[in-house]
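Worksheet for the structure shown next.
The values are calculated or read from the model by the stated rules, or taken from the named source; none is laboratory data. Keep in mind that what you see is a predicted model, and the values were worked out from it rather than measured. Because the Cβ atoms are built from the backbone with ideal geometry, glycine has one as well, and the counts that use them run over all protein chains shown.
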Amino acid sequence: MALSLSSWYTEVGLSGSGSEVFRKGMIDPESLTENNRADFIYLLRGGMLLYQNAFVLGQEGTLDSSLQTVTLGTVSAIIDQPGFKLYWGQRELVFTRSFRDYIERLESLDGSSLTGLYN
């Protein structure tokens with residue numbers, strides 16, 4: 001079980017099927033089978049909970065602000081992806097108001113330099 005973002009990335013990256021489902025789900029979630037789409041949502045849910053934890057730890061001062069900025073900045077790579085938009089549209093209300101506000105601020109920025117990671 002991933003208890004940190006680095007563990008989550010490693011687990012997804014080393015799992016051939018998980019990595020493929022995640023990449024395909026980000027680019028074109030409609031192309032996934034029903035089971036793979038569920039897997040994609042589970043993978044993204046796990047990652048987003050870890051991002052929210054990093055956000056909260058940064059807000060309370062437990063996580064160094066520069067580390068929080070770098071860690072949470074990687075969310076910019078997925079904000080404009082169709083899979084994230086599908087996920088966020090379905091699940092945003094299960095996150096704290098302050099984290100949702102943070103994601104909304106990221107959505108308003110131009111993160112186009114990172115979005116090519118999943119293409």
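Numbers for the structure displayed
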{"quantity": "Hey, G46 without any contact (Cβ under 8 Å) to a residue 60 or more places away in the chain, in a helix (DSSP H, G or I) and surrounded by fewer than 18 Cβ atoms within 10 Å (Cβ to Cβ) or not", "calculated": "yes"}
{"quantity": "Which listed residue is of a type outside the set (S, T, Y) and within 21 Å of Y102 (Cα to Cα), from R37, R23, R45", "calculated": "R45"}
{"quantity": "Condition met for Y87 (under 13 Å from the mean Cα position of the chain (by Cα), exposed (fewer than 15 other Cβ atoms within 10 Å of the Cβ), in a helix (DSSP H, G or I) and among the aromatic types (F, W, Y))", "calculated": "no"}
{"quantity": "Selection status of E92, surrounded by 11 or more Cβ atoms within 10 Å (Cβ to Cβ), closer than 27 Å to D28 by Cβ, modelled with pLDDT of 80 or more and more than 13 Å from the chain's Cα centre (by Cα)", "calculated": "no"}
{"quantity": "Filter result for the condition that a residue is charged (D, E, K, R), modelled with pLDDT under 95 and under 22 Å from S4 (Cβ atoms), over D110, D80, D64", "calculated": "D64"}
{"quantity": "Filtered residues of segment 1-42 (kept if at pLDDT 90 or above, surrounded by 15 or more Cβ atoms within 10 Å (Cβ to Cβ) and in a loop (DSSP other than H, G, I, E, B))", "calculated": "L32"}
